[in-house]
Amino acid sequence: MIDTQTLTPDATGIGHAAQLLKDGALVAFPTETVYGLGADARNGKAVAAIFEAKGRPSFNPLIVHVASIEEAKSLVELPFVLERLARVFWPGPLTLVAPVKEGSGLSELVSAGLPTVAVRVPNHPLAKSLLEAFGGPVAAPSANVSGSISPTTVRHVLDGLAGQITAVVDGGRCSVGLESTIIGARGDQAVLLRLGGLPPEVIEAAAGGQLGKPEAGKIEAPGQLLSHYAPSTSLRLNAEYPDDEEVYLAFGNGKDVANSLDLSPSRDMREAAANLFAHLHDLDELAKTNGLRGISAAPVPEIGLGLAINDRLKRAATPR
Ligand code: TXA
Ligand code: MG
């Protein structure tokens, strides 16, 4: 258990919060929609700690918060229609989903291995100052325990997460009180992925056309799709050793195993979660390059983040 600090909504509190984020700690902060549970989006272990604190049994992709459109454009390739929406509605309760740029530096855990990332520029004075003081992208889901409702006051945040997170910035009550509206793009059409604080009609007026509907099953929780990230080669689970035709995803048992990558040599769950998607991508490539059949994965204990790791591995092993 951590002794969760409540930070004051002034320069001292914000400076402290920014330093904690740089140190890889979890800090909840107010946005105009709901409180977010923030971590440095480039630090895989810090991002893994978000899932641990929320008690999520699976990895949902997270929203990356930045201070400006320019910063967002350094992370994602914004299609024309989304850039138009960004110019009208940012800062504000709108999240845009777009393809991640090569070299963005974002942890792959942020997007749960998807090729797209959700970004948003919030419009709350404290969120803005925090993002500026921190000077980088902050991954933040709503600051509630998985399965409970989104927090709009410090009290809500502490009721769920006291003892699990390092600090919360006290910003009073959130003005919008609903999560951001999430919009993606299909070609040059904007697509509604989640209803939220910004009404669809208002977005349609700015987009200059009707919003598209997402493909069936993709609304709300793309991370829940069964084979949402599957390697192109096969994946065999609970393998104590790889066979000759496989590359190996080890968990503390990768030493001296050929063609293997270890999720965490010291069996640290946060490190394992931080490495999961990048290792799966790299092993997939390695198998293809070496003409091998596929990947086998070591057993991971069903405790803490191990639940989410195994959930994702099971999905990845499900044939498309
Ligand atoms: O207002 C908000 O959006 C708040 C504040 C803190 O910014 N955040 C929030 O985050 O509601 P969260 O994690 O509770 O919801 C994020 C949603 C999830 O439903 C997730 O599936 C979706 O964003 N999402 C994230 N990345 C995505 C992606 N690459 N493609 C599609 N949906 C994505
Ligand atoms: Mg949420």
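Taken together, the values in this text are just the output of simple stated rules run on the coordinates, not laboratory data. These numbers come from a predicted model, not from an experiment. Because the Cβ atoms are built from the backbone with ideal geometry, glycine has one as well, and the counts that use them run over all protein chains shown.
Nearest 10 degrees is fine. How inclined is helix 44-54 to the longest principal axis of the chain, computing both from alpha carbons?
Tilt relative to the chain: about 70 degrees.
Which values of log₁₀ I(q)/I(0), to two decimal places, follow from the Debye formula for the stretch 63-121 at q = 0.13, 0.14, 0.20, 0.31 Å⁻¹ with a uniform point scatterer at every Cα?
Those come out to -0.27, -0.31, -0.65, -1.47, one per q.
P(r) tail for the stretch 124-182, what percent of Cα pairs lie past 16 Å?
Values: 843 of 1711 pairs.
Here the tail beyond 16 Å accounts for 49 percent of pairs.
Pairs of alpha-carbon atoms within less than 8 angstrom and 6+ residues apart define the contacts here; what relative contact order does the stretch 30-176 have, in percent? It would help to have the intermediate numbers written out before the result.
Values: 273 pairs, mean separation 57.9, N = 147.
Relative contact order comes out at 39 percent.
Mind checking which aspartates and glutamates have their C-alpha under 19 Å from Lys288, skipping anything on the same chain fewer than 8 residues away?
The reachable aspartates and glutamates, counting only those whose Cα sits under 19 Å from Lys288, are Asp243, Asp244, Glu245, Glu246, Asp262.
Using alpha carbon coordinates only, what is the Rg to Rh ratio of the chain, with Rh defined as the Kirkwood radius?
Here Rg/Rh amounts to 0.98.
Report the per residue volume, in Å³, of the convex hull enclosing the C-alpha atoms of the stretch 15-71.
Numbers: hull volume 5.9 nm³, N = 57.
So the per-residue Cα hull volume is 104 Å³.
Can you give the net charge of the other residues whose Cβ lies under 11 Å from the Cβ of Val64, counting K and R as +1 and D and E as -1?
Details: positive: Arg42, Arg120; negative: Asp40, Glu71.
Counting the neighbours of Val64, the net charge comes to 0.
Evaluate the stretch 1-136: find the radius of gyration of its Cα atoms, find its Kirkwood radius, and give the ratio Rg to Rh.
On the way: Rg = 14.5 Å, Rh = 15.2 Å.
That ratio equals 0.95.
Quick query: amide H of Leu193 versus all other amide H atoms, modeled in the peptide plane; which residues come in under 5 Å with a sequence gap of 5 or more or a different chain?
Hits under the 5 Å cutoff: Ile182, Ile183, Gly184.
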